[in-house]
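Engineer: Sharing a structure with you now.
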């Protein structure tokens, strides 16, 4: 079985390796330097066709995505928009485009509010939705598409597809100012 070293995604400061079935193979540092929910969420997202597509897309030295875990006010994850030089340089294959993915994993015993069968209810499922949502933002950034993009038809279409693949067909992805938001949203857990 071969191992795919993903050039782009760094977890606990080290590059993530995937086997040929897109299962992550964690280093000792990644196991001790990241939450179990973050790793299990990555596994759930990587098992989707949308996840595998983005993993393959970012498997090049052109991209670097640094994953950090930290408390954030806005929910379970965030992918800050990169600087203008990164957005403008999307067509320059010789330059490394760096992105940040921030995850806010719930504690193992955390109760997820308002959980139904159509929305994430375990910490791993919350993190799978966060991986999916924030990697979708990074995908748009990597194509030179700046914020806001929640209201874009293509963004919502891609989000609905990955949410369906994760088993959460009613899970929407917007922000709190989005008047169109109905039903459960990707912002499902906030650190107290």
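The values are calculated or read from the model by the stated rules, or taken from the named source; none is laboratory data. Because the structure is a prediction, the values reported are computed rather than measured. Heads up, the Cβs are rebuilt from the backbone with ideal geometry, glycines too, and the neighbour counts pull from every protein chain shown.
Engineer: Give me the residue from the range 76-95 that is in contact with a helix residue (DSSP H, G or I) (Cβ under 8 Å, 6 or more places away or on another chain) and in a loop (DSSP other than H, G, I, E, B) and, out of that set, modelled with the lowest pLDDT.
Structural biologist: Checked the range 76-95; the qualifying residue modelled with the lowest pLDDT is 90.
Engineer: Also, I was wondering about something else. Look at residue 144 and say whether it is surrounded by fewer than 19 Cβ atoms within 10 Å (Cβ to Cβ), at pLDDT 85 or above, within 22 Å of residue 10 (Cα to Cα) and out of contact with any helix residue (DSSP H, G or I) (no Cβ under 8 Å at 6 or more places or on another chain).
Structural biologist: Judged against the criteria, residue 144 is not a match.
Engineer: Please go through the range 28-38 and pick out each residue that is in a helix (DSSP H, G or I) and in contact (Cβ under 8 Å) with a residue 24 or more places away in the chain.
Structural biologist: Residues satisfying the conditions are 36, 37, 38.
Engineer: Related question: Can you name the residue in the range 10-38 that is touching a helix residue (DSSP H, G or I) at 6+ places or on another chain (Cβ under 8 Å) and within 17 Å of residue 54 (Cα to Cα) and, of all such residues, is surrounded by the fewest Cβ atoms within 10 Å (Cβ to Cβ)?
Structural biologist: Within the range 10-38, the match that is surrounded by the fewest Cβ atoms within 10 Å (Cβ to Cβ) is 23.
Engineer: Select from the range 47-67 the residues that are part of a helix (DSSP H, G or I) and in contact (Cβ under 8 Å) with a residue 40 or more places away in the chain and list them in ascending order.
Structural biologist: Matches in the range 47-67: 49, 50, 51, 54, 55, 57.
Engineer: Just one of (1) part of a strand (DSSP E or B); (2) surrounded by 18 or more Cβ atoms within 10 Å (Cβ to Cβ); (3) free of Cβ contacts under 8 Å to residues at least 40 places away in the same chain trips up residue 98, so point out which.
Structural biologist: Evaluating residue 98 over (1) part of a strand (DSSP E or B); (2) surrounded by 18 or more Cβ atoms within 10 Å (Cβ to Cβ); (3) free of Cβ contacts under 8 Å to residues at least 40 places away in the same chain leaves (2) as the failure.
Engineer: If you don't mind, there's one more thing I want to ask. Can you find a residue that is in contact (Cβ under 8 Å) with a residue 60 or more places away in the chain, under 18 Å from residue 43 (Cα atoms) and within 15 Å of the chain's Cα centre (by Cα) anywhere in the range 140-150?
Structural biologist: no
Engineer: Quick check on this structure: which one of 137, 114 is at pLDDT below 85 and outside any strand (DSSP E or B)?
Structural biologist: None of the other options fit; the residue is 114.
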